[in-house]
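Report on one structure; see the data block that follows.
FYI, it's all coordinate maths here, none of it is from the lab. Remember, predicted model here, so these are calculated numbers, not experimental data. Cβ atoms come from the backbone with ideal geometry, glycine included; neighbour counts cover every protein chain shown.
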DNA sequence: ATCGCTCACTTGACATCGTTATATCATATA
DNA sequence: TATATGATATAACGATGTCAAGTGAGCGAT
């Protein structure tokens, strides 16, 4: 039953606006204070509501976080999609690494939640079978690019497993990013700028995996 | 004033035993349930105490965790120390990566806390100046080995910054480990065995950073 | 015009968490 | 035996995520 009368439409629009304002407030607080330290009550009071009001728009705190992450990973997916036009899989891989790292460093809270926090791979979609997990898309981009690189003979013959290679590439960039995000403010380590380390990491991995020495 | 009488000695020994039993119980629960989900009350009741009794032996929950981690990283340090005899820095680097990964996969809870959780680099030692951070030691091993490798001309001339190179190596192994620890049970990704991926990662990084193509 | 319904939102509460202040009680010392 | 110490328990506090029950405004139908 779709809404008919203008009043119902307005009511529905207002609900959507409230929902969006919850998301906005939550994002602000997550970025500033971190997800763990952000309270339902704090999110609500920031927009003049009570904590329990949030539960009319989101199942629980995790669902709220999840929605923010899905939005961000959609934008990550778009950034990676733009790179699809690069035909040479090796060049594309390099660009993917850069885009991935830039996203992670620009959205540290969401990155922490999505890639540095264990998830219950939950009851999934309403249909029953696993909902489309957006973080898979990022992996799929890398996996497909690596597969093309293997097919094109760009990599050494002992590195023929596309999953292993893709996971290695992913882990390389993720390693630099996650170390930086957890220990970047540790003054006891003389940190090299993470963006540079990532560029070096990608170059070194590509060179080390390449078939010829070129 | 050192304890004199046998009674005091016994009392002190009993206190130490209680303290140790707290550590043991905590470690068990941390490994099974994870650190976050493990409750002070659960730790205490596992050994027949009340939660508040723990606070006579440890300042707070973090101090308890910290002590467990220090113990584990001492053993990590020992494992790495054993590798010091390998003279060739490149071979040593390879061995360090393996030892590090084996430790991480064998002590996932502690690894999560030490390397995947932000820390307040706290009020430190009782003396005032920063307490000796055991996780630095692991980094120092890598840093020194990489420095030797650079000095020995093993690496390409554009990779002359030992911090960048050490952080890259560290991040490579950490990336595989941490991805596995957070997403290893995700059925939507066809995971390659992490130990193999780590071996490949180290080999690829070393080859990609090496001066000659050998 | 008013009744009743829907539904966004509030109130008040609950269980649980880490933690603290205070009480208890056994033991060692005098 | 009296006193002091120190290990443990009891009770409670504030904060958190969450739920059950209430409130009240706005809508449609009579």
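Some observations on this one:
- Counting only alpha carbon atoms, the long axis of helix B:6-33 and the longest principal axis of chain B meet at about 50°.
- Computed per residue of chain B from DSSP H runs no shorter than four, each worth -39500 (n - 2.57), the mean residue ellipticity at 222 nm is -21500 deg cm²/dmol.
- If you plug the beta carbon distance of residue B:61 and residue A:46 into 1/(1 + (r/R0)^6) with R0 = 25 Å, you get a FRET efficiency near 0.30.
- Cα-based helix-to-principal-axis angle, A:61-81 vs chain A, degrees rounded to 10: 40
- Pairwise FRET efficiency - residue A:88 versus residue A:28, Cβ, R0 = 41 Å, nearest 0.05: 0.50
- The same position residue A:11 in the other copies lies at 7.2 nm from this copy, comparing label points 7 Å beyond Cα toward the beta-carbon, shortest first.
- Expected-Rg normalisation [2.2 N^0.38 Å, Cα atoms] applied to chain B: 1.23
- Compared with the dominant Cα axis of chain A, that is its longest principal axis, helix A:134-151 is turned about 20°.
- Using a 7 Å Cα-to-Cβ projection, residue A:106 label spacings across copies, nm, ascending: 4.3
- Each label was represented as a point 7 Å from its Cα along the Cα-to-Cβ direction; for residue B:151 and residue A:13 these points are 7.2 nm apart.
- Added length on full extension, which subtracts the Cα-Cα distance from 0.36 nm per residue, residue B:75 to residue B:137: 21.2 nm
- Neighbour counts of C-beta atoms inside 10 Å place B:182, B:18, B:145 in the sequence B:18, B:182, B:145, starting with the fewest.
- Prolate/oblate/rounded label for the protein assembly as shown (Cα gyration tensor, a/c 1.5): oblate
- Summary for residue B:211: label point 7 Å along Cα→Cβ; distances to the equivalent points in the other copies, ascending, 2.9 nm.
- Footprinting exposure proxy for B:176, B:31 (fewest neighbouring C-beta atoms within 10 Å first): B:31, B:176
- Cβ-based exposure ranking for B:36, A:17, in which fewest neighbours within 10 Å come first: A:17, B:36
- Spread over its residues, the convex hull of the C-alpha atoms of segment A:153-214 is 89 Å³ per residue.
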